[in-house]
Amino acid sequence: MHLRCFTRLGIASIATLVAPSLSATPLTDGLEAFKEGRFDEASTLWARGASLGDVDAELQLGVMLGAGKHLPRDVPRARALLAAAVQQGNVDAMVALALLDYRPDVGQREEGLALLKSAAARSSRKAPPLLTLAGTVDLATLGFSGPASEQEALLPVRFSKPFSANPADVSAGRDTVNRTCVACHGTGVMGAPRSGHPEQWKERLSLGLDTLAERSAKGYKACPPRGGDYLLTDDQVRAAVYVMTEGGARR
Ligand code: HEC
């Protein structure tokens, strides 16, 4: 009798563990709100999750408050939230806290470097590329690439219309490349194919522009989802890929 009770409890708690990506939770509701630009609502939902000890909600809200793009920046609160998530052993929070420390107005690069190293030692996928980059580019210029990008990678990629290389899209794509992708695709760090070198893209282009765009939206090997800027739309990512590959598969 007792045993059966325990078994049932066990199944129930496993169900809640795997449920978050399938059913509504403060985390996923917050993510939807965020994607749709309802930032206050997202932050309220994540604050609720964080107060319940949800490590992902701590992470999302910490990143959002640290970035200060959509809410007034609150570095002490961002650090407290991220530190709480680090305490629960979350390696993404280590990386997010490191990137916060790297920002010029926070200026704690030594601490940031130490955090990146511990994250790498705990097999974070993000830390090694960032450690490589730390020697060559200013990490602060990479923007605040947060865990939301990884959460978002789980959402389906939706292109709003078939791609047409109209001048407005191409010009927006060029801006994205120069702001975000060039950090790696400019010099070719970690084997990134270089922007403006079509011969380095030839083989990959046989997959077609849409497949490459989908991969860059979701992240591919050392290429972070959306180049680390999780606010880029699927269409913007595709335009950037078009520009980087010098015209997509058709050329
Ligand atoms: C932190 C470095 C970094 C940034 C920033 C970055 N990339 Fe990448 N990207 C890479 C690396 C490294 C590869 C090569 C991955 C491999 O094949 O091992 C790559 C590969 C790719 C590929 C080829 C994928 C495939 O299927 O072969 C595309 C497309 C791409 N990146 C698009 C982008 C776009 C668009 C941006 C900007 C929005 C961007 N990347 C920003 C590092 C980066």
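Odds and ends about this structure:
- Residue match in the range 208-218 (condition: more than 9 Å from the ligand (Cβ to nearest atom) and at pLDDT below 85): yes
- In the range 26-111, counting only helices (runs of 4 or more DSSP H) that sit wholly within it, the ones holding 1 or more residues that are at pLDDT 90 or above and among the hydroxyl-bearing types (Ser, Thr, Tyr) span 39-51.
Listed here are the residues, each with its yes/no results for (1) polar (S, T, N, Q); (2) over 20 Å from Ala98 (Cβ atoms); (3) modelled with pLDDT under 90; (4) more than 10 Å from the ligand (Cβ to nearest atom).
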site: Pro128; (1), (2), (3), (4): no, no, yes, yes
site: Arg158; (1), (2), (3), (4): no, yes, yes, yes
site: Asn166; (1), (2), (3), (4): yes, yes, yes, yes
site: Cys184; (1), (2), (3), (4): no, no, yes, no
site: Ala192; (1), (2), (3), (4): no, yes, no, no
site: Pro198; (1), (2), (3), (4): no, yes, yes, yes
site: Arg204; (1), (2), (3), (4): no, yes, no, no
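- Residues located in the range 227-243, provided they are at pLDDT 80 or above, more than 6 Å from the ligand (Cβ to nearest atom) and not hydroxyl-bearing (Ser, Thr, Tyr): Asp234, Asp235, Gln236, Arg238, Ala239, Val243
- Some residue of the range 180-192 being part of a helix (DSSP H, G or I), surrounded by fewer than 18 Cβ atoms within 10 Å (Cβ to Cβ) and in contact with a Pro (Cβ under 9 Å, 6 or more places away or on another chain): yes
The values are calculated or read from the model by the stated rules, or taken from the named source; none is laboratory data. Being a predicted model, the structure only gives us computed values, none of them experimental. Every residue, glycine as well, gets a Cβ built from its backbone with ideal geometry; the counts of neighbours run over all protein chains shown.
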